[in-house]
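Participant: There's a structure below that I have some questions on.
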Amino acid sequence: MATTLITDISELDSAIRTAVKSAIRELNEETEKKPKIEKLFTINQLAKLWKKNHKTVKGMVTAGLLKATANGLISESAVNEYLHNS
C-alpha cells in the first residue's frame with residue numbers, strides 16, 4: 001500500500017473516493033466468485049404459494065410449462081421463467 005501525503009480537503013476527498021471505489025470493486029469481485037445458491041420448490045410448495053391445486057402445478061410440469069428436476073424440484077429461475085413467459 002502506498003503512502004500519500006494529503007495537503008488539502010480536495011486531496012482528502014479524492015483519496016476517500018478512490019479508496020471507496022477500490023473497496024467496492026474488490027467486494028463485487030468477491031461476490032461474483034461465490035457460487036449462487038438457487039432456491040428450490042416442491043410442487044406442493046408452489047401449489048400453496050400460488051393457491052392452486054397440487055394436480056394443477058403437477059400438470060404444468062408434465063406439460064413442460066414449468067421446468068423441474070428429475071426428482072420433481074422446481075428452481076426459482078424456472079418459476080421466474082414461467083411467470084415471465086406466461
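Participant: Given (1) surrounded by 13 or more Cβ atoms within 10 Å (Cβ to Cβ); (2) of a type in the set (Val, Ile, Thr); (3) without any contact (Cβ under 8 Å) to a residue 24 or more places away in the chain, where does residue 16 come up short, assuming only one miss?
Facilitator: Evaluating residue 16 over (1) surrounded by 13 or more Cβ atoms within 10 Å (Cβ to Cβ); (2) of a type in the set (Val, Ile, Thr); (3) without any contact (Cβ under 8 Å) to a residue 24 or more places away in the chain leaves (1) as the failure.
Participant: Residues of region 1-13 being open to solvent by 90 Å² or more (accessible area, probe 1.4 Å) and assigned to a helix (DSSP H, G or I), which ones?
Facilitator: 9
Participant: Still on this structure, please answer the following. Hey, could you check region 34-49 for residues that are modelled with pLDDT of 90 or more and of a type in the set (A, V, I, L, M) and say which is surrounded by the fewest Cβ atoms within 10 Å (Cβ to Cβ)?
Facilitator: Top of the filtered list is 49.
Participant: Now, a different point. Which residues, taken from region 68-86, are in a helix (DSSP H, G or I) and either among the hydrophobic types (A, V, I, L, M, F, W, C) or out of contact with any Lys or Arg (no Cβ under 9 Å at 6 or more places or on another chain) (or both)?
Facilitator: Hits for region 68-86 are 78, 79, 80, 83, 84, 85.
Participant: Picking from 12, 49, 27, 40, which residue would you name as being in contact with a strand residue (DSSP E or B) (Cβ under 7 Å, 6 or more places away or on another chain) and not charged (D, E, K, R)?
Facilitator: Unique residue meeting the criteria: 40.
Participant: How many of the residues in region 39-68 are among the aromatic types (Phe, Trp, Tyr) and without any contact (Cβ under 8 Å) to a residue 12 or more places away in the chain?
Facilitator: 1
Participant: Against the condition open to solvent by less than 100 Å² (accessible area, probe 1.4 Å), part of a loop (DSSP other than H, G, I, E, B) and at pLDDT below 95, how does residue 31 come out, does it pass?
Facilitator: No; evaluated as a whole, the condition is false for this residue.
Participant: Pairs under 9 Å by beta carbon, first residue at positive phi and open to solvent by less than 90 Å² (accessible area, probe 1.4 Å) in region 69-86, partner of a type in the set (Phe, Trp, Tyr) and at pLDDT 95 or above, six or more apart or different chains?
Facilitator: Pairs that qualify, where the first residue is at positive phi and open to solvent by less than 90 Å² (accessible area, probe 1.4 Å) and the partner is of a type in the set (Phe, Trp, Tyr) and at pLDDT 95 or above: there are none.
The values are calculated or read from the model by the stated rules, or taken from the named source; none is laboratory data. Because the structure is predicted, anything quoted here is derived from the model rather than measured. So basically every Cβ, Gly included, is an ideal-geometry build from the backbone, and we count neighbours across all protein chains shown. These area figures cover heavy atoms from the full protein model, side chains too; ligands, DNA and RNA do not enter into them. Shrake-Rupley method; radii C 1.70, N 1.55, O 1.52, S 1.80 Å.
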